[in-house]
Amino acid sequence: MGNIASANAYTMRAVVITQPGDSSVLKVMDRPTPTFGDDEVLVHVAAAGVNRPDIFQRKGRYPAPKGVPADIPGLEIAGEIVEIGRNVTSWKAGDKVCAIVAGGGYAEYCAVPAGQCLPVPAGLSLVEAASLPETFFTVWSNVFDRGRFVRGESVLVHGGTSGIGVAAIQMINAMGGTVYVTAGTDEKCRYCEALGATHGINYKTESFRDVILKLTNGRGVDIILDMIGGPYTEPNLECLAEEGRLVLINYMKGDETTIHLSHVLRKRLTITGSTLRARSAKFKAAIAEKLRENIWPLLESGTIKPIVYEVFPMDQAPAAHDLMQSSQHMGKIVLQWTVGDGR
Ligand SMILES: NC(=O)c1ccc[n+]([C@@H]2O[C@H](COP(=O)([O-])OP(=O)(O)OC[C@H]3O[C@@H](n4cnc5c(N)ncnc54)[C@H](OP(=O)(O)O)[C@@H]3O)[C@@H](O)[C@H]2O)c1
């Protein structure tokens, strides 16, 4: 275990969930600077991405895993390493990194297992880098590993303009797939098409099942990445191709539903899903390696872009959460400690 050696740094500011509730429960408070383990680094955080799970945590519906600050949200950060644990050889103080964390990201300092850090891609700001880890790790894990995507396959991504969606569209496209998305307005659909989706389906005015079957001449898609669950499950199964995979990353419209199991047998479907947050540091480090090899060069060449919709100062975390809950955003929302710094 280590403690930060820098002067005046034994306490830090953090955005704290003072009690379960609406966004007004988020307050900037003083907290002890985290200690860090032998395999961890301590990052001075410049910016932290906002993710939908942060809102579920704030409402008391998504508790932090053991060993993670229970009342400081934040699943992804970017900043500068200030201290390293005694077993860490891959990083040094002064390195600029972004990282996926299991919580505690809305803080001035965050302790991170070294393997969960990635370099800030050349040419990107710390704000842009902070918008990447949670969604890129989740999409890689669920579409490419769990969903067994191979070049040439087609994927339906629900919530195309979500943080997850804008990462998925670009990653699948870049890896040689065809992407269809759902979104709640025509404008959002066109936005996704400009980003690389073959077709955006306005789920408020069209049946995504009918559109997918029409666009694929009745075949269906190979993979569906779904965060909606509930009533989407049966139409999801109906518009999957033979050997198709339904990968659930949430069930925002309910975790109970009725389906016809005959789809699964007739088309030899796989229904799977996962949550990344509580997985081990080793599991996340393995994803980091794959992202570094396959996706980071595409971020550095500009083939894949960070999509930052709006940046808020850290003390305006309540406004950032309100924007996410309004679903007006397209892409990522990021919190920054010092506005104008690290962009
Ligand atoms: N399992 C994991 O490891 C993991 C990790 C990270 C995130 N997640 C989940 O992934 C989801 C997205 O997270 P995020 O941070 O990217 O959130 P986000 O940016 O707030 O996105 C949520 C999206 O849901 C869309 N949506 C709502 N109702 C819909 C419907 N009926 N059909 C299609 N789209 C609908 C909204 O778009 P419209 O305005 O167009 O409706 C919005 O774009 C969340 O549910 C989150 O919990 C899971």
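General observations
- Residue check, D255 in contact with a Gly (Cβ under 7 Å, 6 or more places away or on another chain), within 15 Å of the ligand (Cβ to nearest atom) and over 26 Å from A194 (Cβ atoms): yes
- When each of T233, T275 is tested for being polar (S, T, N, Q), more than 11 Å from the ligand (Cβ to nearest atom) and within 24 Å of the chain's Cα centre (by Cα), the lone residue that passes is T233.
- The helices (runs of 4 or more DSSP H) located wholly in the stretch 127-204 that include 2 or more residues which are crowded, with 24+ Cβ neighbours inside 10 Å, away from the ligand (no atom under 13 Å from the Cβ) and in contact (Cβ under 8 Å) with a residue 12 or more places away in the chain occupy 163-174.
- Residues being over 21 Å from N173 (Cβ atoms) and more than 16 Å from the ligand (Cβ to nearest atom) - total across the stretch 218-230: 1
- No other residue among G105, G74, G60, G49 is within 16 Å of the ligand (Cβ to nearest atom), crowded, with 24+ Cβ neighbours inside 10 Å and at positive phi apart from G74.
- Residue, modelled with the lowest pLDDT, within the stretch 1-14, restricted to residues that are hydrophobic (A, V, I, L, M, F, W, C) and in a loop (DSSP other than H, G, I, E, B): A7
- Looking across A114, A93, one residue alone is surrounded by 24 or more Cβ atoms within 10 Å (Cβ to Cβ) and either free of Cβ contacts under 8 Å to residues at least 60 places away in the same chain or assigned by TED's automatic domain parsing to the domain that holds I55 (or both). It is A114.
- Residue satisfying all of: in the stretch 205-232; hydroxyl-bearing (S, T, Y) and part of a loop (DSSP other than H, G, I, E, B); surrounded by the most Cβ atoms within 10 Å (Cβ to Cβ) among these: T216
- The numbered conditions (1) touching a strand residue (DSSP E or B) at 6+ places or on another chain (Cβ under 8 Å); (2) buried (at least 21 other Cβ atoms within 10 Å of the Cβ) are all true for I295 except (1).
- Single residue of A281, A288, A319 found to be closer than 30 Å to L26 by Cβ, in the same structural domain as P65 (by TED's automatic domain parsing) and within 16 Å of the chain's Cα centre (by Cα): A288
Every residue, every condition in (1) in contact with a Leu (Cβ under 9 Å, 6 or more places away or on another chain); (2) assigned to a loop (DSSP other than H, G, I, E, B); (3) surrounded by fewer than 21 Cβ atoms within 10 Å (Cβ to Cβ), yes or no:
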residue: D255; (1), (2), (3): no, yes, yes
residue: I259; (1), (2), (3): yes, yes, yes
residue: E289; (1), (2), (3): no, no, yes
residue: K305; (1), (2), (3): yes, yes, yes
residue: E310; (1), (2), (3): yes, no, yes
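- Where a residue in the stretch 220-239 is modelled with pLDDT of 95 or more and its partner, wherever it lies, is among the polar types (S, T, N, Q) and more than 14 Å from the ligand (Cβ to nearest atom), with Cβ under 6 Å and at least six apart: V221/S154; D222/S154
- All positions within the stretch 312-328 that are of a type outside the set (G, A, S), surrounded by fewer than 21 Cβ atoms within 10 Å (Cβ to Cβ) and within 16 Å of the ligand (Cβ to nearest atom): F312, P318, D322, L323, Q325, Q328
- Residues of the stretch 291-303 satisfying the condition of being within 18 Å of the chain's Cα centre (by Cα) and assigned to a loop (DSSP other than H, G, I, E, B): I295
The values are calculated or read from the model by the stated rules, or taken from the named source; none is laboratory data. What you see is a predicted model, and the numbers here were worked out from it, not measured in a lab. Because the Cβ atoms are built from the backbone with ideal geometry, glycine has one as well, and the counts that use them run over all protein chains shown.
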